[in-house]
Amino acid sequence: MNTKKAGRYAAVGAALAAAAVQLSTGTATAATGHVSLWVGGGTDLLACRATAQQCQVIGYAYDMTTPITLSVNGKTIASALPTPTSGTIEPGELKILWVPQTAGPNIITVQQGSDSQSVTIQIMDNNSLEAFAQRTEAYLRTLPCKTGSATISAGCQFPAGDVH
């Protein structure tokens, strides 16, 4: 009986070890891929979080001879050769401003040849109650800073030289 248990434990251990080797190999490949993606905010509080608000999308690649394609939910939004950045070891980039039109999950992908990377971002309707509530909350958090009250503006950061 103990032999059977030991055999099962050995088989499970071998399977886990094999899976760990595959996982670590896949993770290393993904981490050292040739393309990468950055999605970031714009000027509005809800940039990259609400429809009708600008969102900056940048695809990075080291291969300067093959076009980069940026897509959202499988639809191409930009495709061009990467623009070189400063320095000789820096990747090139394709930078665009994207304005989300669809609320819900949006999958943004950068692809160059067979290399790709994707990220899913959740977009809310810009005219929704949730968007209104988030803007109101952000505004109310800044009120103590705008009034300059020493008792309620303790966490505010002011430009250098201002005394509050």
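Just to verify a result, which residue in the range 103-133, among those that are polar (S, T, N, Q) and open to solvent by 80 Å² or more (accessible area, probe 1.4 Å), is nearest to the chain's Cα centre (by Cα)?
Going through the qualifying residues, I end up with Thr120.
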Any residue in the range 105-132 that is free of Cβ contacts under 8 Å to residues at least 24 places away in the same chain sitting within a Cβ distance under 6 Å of a residue that is open to solvent by less than 50 Å² (accessible area, probe 1.4 Å)? List the pairs, counting only those 6 or more apart or interchain. Glu130/Met124
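Let's see how each residue does on (1) assigned to a loop (DSSP other than H, G, I, E, B); (2) surrounded by fewer than 16 Cβ atoms within 10 Å (Cβ to Cβ); (3) modelled with pLDDT of 90 or more:
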residue	(1), (2), (3)
Thr76	no, yes, yes
Ser86	yes, yes, no
Ile89	yes, yes, no
Ile96	no, yes, yes
Gln101	yes, yes, yes
Arg135	no, yes, yes
Thr151	yes, yes, no
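Do we have any residue at all in the range 22-36 that's modelled with pLDDT of 90 or more and surrounded by 16 or more Cβ atoms within 10 Å (Cβ to Cβ)?
yes
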Somewhere in the range 73-88, is a residue under 28 Å from Gln134 (Cβ atoms), under 14 Å from the mean Cα position of the chain (by Cα) and free of Cβ contacts under 8 Å to residues at least 60 places away in the same chain? no
Looking at (1) over 30 Å from Leu140 (Cβ atoms); (2) open to solvent by 50 Å² or more (accessible area, probe 1.4 Å), which one does Thr66 not meet, given that it meets all the others? (2)
I need the full set of residues from the range 114-129 which are of a type outside the set (A, V, I, L, M) and under 19 Å from Ile68 (Cβ atoms), in order please. Ser114, Asp115, Ser116, Gln117, Ser118
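The values are calculated or read from the model by the stated rules, or taken from the named source; none is laboratory data. Please read all numbers here as calculations on a predicted model, not as lab measurements. Note: ideal-geometry Cβ built from the backbone for every residue, glycine included; neighbour counts use all protein chains shown. Ligands, DNA and RNA are excluded from the accessible area calculation, which covers all protein heavy atoms including side chains. Shrake-Rupley method; radii C 1.70, N 1.55, O 1.52, S 1.80 Å.
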